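Enquirer: Dumping the structure here so I can ask a few things about it.
The values are calculated or read from the model by the stated rules, or taken from the named source; none is laboratory data. Treat the numbers as computed from the prediction; the structure is a model and nothing was measured. We place every Cβ from the backbone using ideal geometry, glycine too, and count neighbours over all the protein chains shown.
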2 protein chains.
Amino acid sequence: MSIHQTCNSLIETLRHRRQKLATRIDFPVILWSGTSIPRNYPANVFPFRASSHFLYFAGLPLVNAAIRLEAGKLELFIDDPAPSSALWHGEMPNREYIATQIGADVAHPMAELESYLEGVATIPVQDPATWTQQSQLLNRWILPRHQLQGIDLELAQAIIELRLTHDQQALAELRTAAAVSVEAHKAGMAATPSAKIEAEVRAAMEKVILAQNMTTAYHSIVTVHGEVLHNEQYHHSIQPGDLLLADVGAETEMGWASDVTRTWPVSGKFSSTQRDIYDVVLAAHDACIAQVRPGVEYQDIHLLACTVIAQGLVDLGILQGDAENLVERNAHSLFFPHGIGHLLGLDVHDMEDLGDLAGYEPGRERSDRFGLSYLRLNRPLQPGMLVTIEPGFYQVPAIINNQEVRSTYQYTVNWERLSQFADVRGIRIEDDVLVTENGREVLTEALPTDANTVEELVCS
Amino acid sequence: MSIHQTCNSLIETLRHRRQKLATRIDFPVILWSGTSIPRNYPANVFPFRASSHFLYFAGLPLVNAAIRLEAGKLELFIDDPAPSSALWHGEMPNREYIATQIGADVAHPMAELESYLEGVATIPVQDPATWTQQSQLLNRWILPRHQLQGIDLELAQAIIELRLTHDQQALAELRTAAAVSVEAHKAGMAATPSAKIEAEVRAAMEKVILAQNMTTAYHSIVTVHGEVLHNEQYHHSIQPGDLLLADVGAETEMGWASDVTRTWPVSGKFSSTQRDIYDVVLAAHDACIAQVRPGVEYQDIHLLACTVIAQGLVDLGILQGDAENLVERNAHSLFFPHGIGHLLGLDVHDMEDLGDLAGYEPGRERSDRFGLSYLRLNRPLQPGMLVTIEPGFYQVPAIINNQEVRSTYQYTVNWERLSQFADVRGIRIEDDVLVTENGREVLTEALPTDANTVEELVCS
């Protein structure tokens, strides 16, 4: 569904969401959408992104708006377009029209917001101008992230309960985002053999997303240096023996995200060492997805990935010992230092603006163990949750060349054997997996993962 | 030149720029680069854009850095990457390496900045976090834009004198940006006949820019509703009888911008009415460019465009009367309501963060006359200035359907004749024009403007 063509199902969905909220809290709520942020001068702004909490209850990415929710009622606050704006921006929908589109009970100009503030809770937005305004209007300091207090904290917890599992409207958006990401990755594979630098592959992928009038959900990673986990550069030249790792996801106009990673051989043909490691990562990926079902602890899925990777590396002669014991000793984390995935929804790390409040079941905290400390989700799975499953293998120089690491794992890693895998710098395979009543549904299943089909897509 | 391969010429250029600055002011200066801005949660940021004033003197888009300039000396303030960052971001250049790349005399951690603040002037950056920091560190309120005072105002005026005209290093970047924009427009023309919605054409154009590891200099306008001047939507379907207006420009990795508009027929063939108006706009475009030379007042070029457009519309029977008289009565501005262009450099509206300080010669102010009030540049041209020339014709409903306008211009506009041009909603033709010692050089000349060649490019 496009923002230019809303329909009754959106209105119904929004009504249902705020009714659910009303069963959890007994105080009024105001959520701000935020405003555009200047890039190099005030009139040249970054593309507007409405606050995700606002989007969840208001449905549309309205600039400079607020909604008030109380006992299932929706009040919209937004200014009508200035008469002069028609010259520059054309005829824009007015307040009453927007109110109809989202099923608001009443609609007011922004200036009237200050008469409706008594006893309201809120969540801080990201843009500093609006955030300042939130504190000023409510006459108290709206603290960021996990420092939320009082009714703001209660509100955050109630919203998390809602947003942790997705309704049909959300799922329709998430499926659309996933489908576009699948096509973007296919385009990236096809563009690789003729590309000279990473940027050309990125361009081919993001073109698919832009052509659907969507945006990227996060800064794309498209690199022959997959071992740099948050690589945001695209200038490296591409060589035939390289693996290309692409972590690229689309976001719909309504703000719903996808998050997909594939790794493919630039030449269209994995070397035997690349294929060996690829198959280890794929085995972890498949084993983890097969475990996704209601009631399963996400951390156990993470630990399963660690064990499968450790066993695979034992089988290849890179690690030495018993897989479970290797995981206990964090040996897997030399090559798989991050978590198996995270929540996915309106944010690619869903609700990470609230710190770990959403990702961690109440009463749980991050582990200080290296192999677990980067795990972003630690909850039992529920039907309607959408999570990523993204195991990987990396030869991060900062880890494997570290002298302390080398001596700790002197007899655990066969360093000489490892050196034979020098053409495998980084591999990750990531899909978006919905928890269903009976098990799981992989929203990105249309994008192949097996090495042979990936090779074919690169060469097509 | 790429930021990954700087060279001595950059170091020399930066030295020359700060030496020129030192001849104009006798106090020290600190310029901040700014920081990344959160999009929907703190770790998901908008692409970083360094402050343009920082880029001018520091050359590289460094995140969270500052430079201190005094008497031609360059001091760099930036933190070394945290040891743990190598895991996520790979090996990053350290402070000393960066200092070498830009020819800094010394380099310090950011924490030492506070020992170097006495008597320094600065310019406010756009990102609110750093802007707050500027005020806190300098212990005075750093006012935005045209409210600059004291040494900050003196500094802004000195920087404007430098940035108004471009040195060879800047020109090399600006030429690169222009060349990539030319290719983007050709790709857009070629993609149009098979496109169903505007977003597909935008995607084809931005793909060219991304593939060069560049970004767009501003929010692209790619629309069949060219009459909406700041149209930032791409969802409209494309019909064979439509004109498509594309205002898309590349920005190099070092931050230098281009700004190019073309208008082409979706079917590859202008209708006779579309071609008539297109040729009026093109006549204004050509006449204005022919006038660009040192000493000429930019406002006179704007008024020339108004006159040529008025005469063209008289010849087509749309306006009635004498062209010069029509311009005096603002009749041209019903169809050409904006200015003929603006400065171009590190910003697409160069130095617009300083309000009109850069665009308007000291002592001059914006006119309140409708046809002149949107003129962004009012200075005599100098060799080395880069300006846009972008005349247009638009049927803006908010203007031509306004009853007051209709009665004021009852006998000036032949409204019945105008209605025959209903398939011409918006046309603009925009090039980037460098003022040379003897006249001008059109940096975007490789992109054809004549109607026949444009038709061929669409059909190729």
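Enquirer: In the range A:245-272, which residues are within 22 Å of the chain's Cα centre (by Cα) and on the phi > 0 side of the Ramachandran plot?
Expert: Across the range A:245-272, the qualifying residue is only A:Gly255.
Enquirer: Still on this structure, I have one more. Check A:Val224 against each of (1) facing chain B (nearest Cβ under 10 Å); (2) touching a residue at least 60 places away in the same chain (Cβ under 8 Å); (3) over 20 Å from A:Asp432 (Cβ atoms) and name the one condition it does not meet.
Expert: With (1) facing chain B (nearest Cβ under 10 Å); (2) touching a residue at least 60 places away in the same chain (Cβ under 8 Å); (3) over 20 Å from A:Asp432 (Cβ atoms) applied to A:Val224, the lone miss is (1).
Enquirer: Could you check the range B:12-45 and list, in sequence order, the residues that are within 14 Å of chain A (Cβ to nearest Cβ) and touching a Ser or Thr at 6+ places or on another chain (Cβ under 7 Å)?
Expert: Answer for the range B:12-45, where residues must be within 14 Å of chain A (Cβ to nearest Cβ) and touching a Ser or Thr at 6+ places or on another chain (Cβ under 7 Å): B:Leu31, B:Trp32, B:Ser33, B:Gly34, B:Thr35, B:Asn40, B:Val45.
Enquirer: Give me a count of the residues in the range B:121-142 that are over 16 Å from B:Thr35 (Cα atoms) and crowded, with 20+ Cβ neighbours inside 10 Å.
Expert: Of the residues in the range B:121-142, 3 are over 16 Å from B:Thr35 (Cα atoms) and crowded, with 20+ Cβ neighbours inside 10 Å.
Enquirer: Checking the structure you have, find out if any residue of the range B:273-291 is under 18 Å from the mean Cα position of the chain (by Cα), among the hydroxyl-bearing types (Ser, Thr, Tyr) and surrounded by 18 or more Cβ atoms within 10 Å (Cβ to Cβ).
Expert: No, there is no match, as no residue in the range B:273-291 is under 18 Å from the mean Cα position of the chain (by Cα), among the hydroxyl-bearing types (Ser, Thr, Tyr) and surrounded by 18 or more Cβ atoms within 10 Å (Cβ to Cβ).
Enquirer: Just to be sure before I move on: is B:Phe370 aromatic (Phe, Trp, Tyr), in the same structural domain as B:Leu282 (by TED's automatic domain parsing), under 29 Å from B:Asn325 (Cβ atoms) and surrounded by fewer than 18 Cβ atoms within 10 Å (Cβ to Cβ) in the structure I sent?
Expert: yes
Enquirer: Does A:His302 satisfy being without any contact (Cβ under 8 Å) to a residue 60 or more places away in the chain and either under 30 Å from B:Thr252 (Cα atoms) or crowded, with 24+ Cβ neighbours inside 10 Å (or both)?
Expert: Taking the combined requirement at face value, the residue does not satisfy it.
Enquirer: What is the number of the single condition among (1) in contact with a helix residue (DSSP H, G or I) (Cβ under 7 Å, 6 or more places away or on another chain); (2) crowded, with 17+ Cβ neighbours inside 10 Å; (3) over 30 Å from A:Gly355 (Cβ atoms); (4) of a type in the set (A, V, I, L, M) that B:Ala104 does not meet?
Expert: (1)
Enquirer: Follow-up. Please go through the range A:122-164 and give me each residue that is assigned to a helix (DSSP H, G or I) and among the aliphatic types (A, V, I, L, M), ordered by number.
Expert: Passing the criteria: A:Ala129, A:Leu137, A:Leu138, A:Ile151, A:Leu153, A:Leu155, A:Ala156, A:Ala158, A:Ile159, A:Ile160, A:Leu162.
Enquirer: Any chance you could count how many residues in the range A:426-447 are closer than 19 Å to A:Ser271 by Cα and either polar (S, T, N, Q) or surrounded by fewer than 22 Cβ atoms within 10 Å (Cβ to Cβ) (or both)?
Expert: Residues in the range A:426-447 being closer than 19 Å to A:Ser271 by Cα and either polar (S, T, N, Q) or surrounded by fewer than 22 Cβ atoms within 10 Å (Cβ to Cβ) (or both): 0 in total.
Enquirer: May I pose another question? So is B:Asp105 out of contact with any strand residue (DSSP E or B) (no Cβ under 8 Å at 6 or more places or on another chain) and either more than 9 Å from chain A (Cβ to nearest Cβ) or among the charged types (D, E, K, R) (or both) or not?
Expert: no
Enquirer: In the range A:419-460, how many are in contact (Cβ under 8 Å) with a residue 24 or more places away in the chain and either assigned to a strand (DSSP E or B) or within 17 Å of the chain's Cα centre (by Cα) (or both)?
Expert: 14
This table checks each residue for (1) under 21 Å from B:Arg49 (Cβ atoms); (2) outside the structural domain of B:Ala50 (by TED's automatic domain parsing); (3) modelled with pLDDT under 95.
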| position | (1), (2), (3) |
| --- | --- |
| B:Pro83 | no, no, yes |
| B:Glu91 | no, no, yes |
| B:Tyr116 | no, no, no |
| B:Arg140 | no, no, yes |
| B:Pro144 | yes, no, yes |
| B:Ala184 | yes, yes, no |
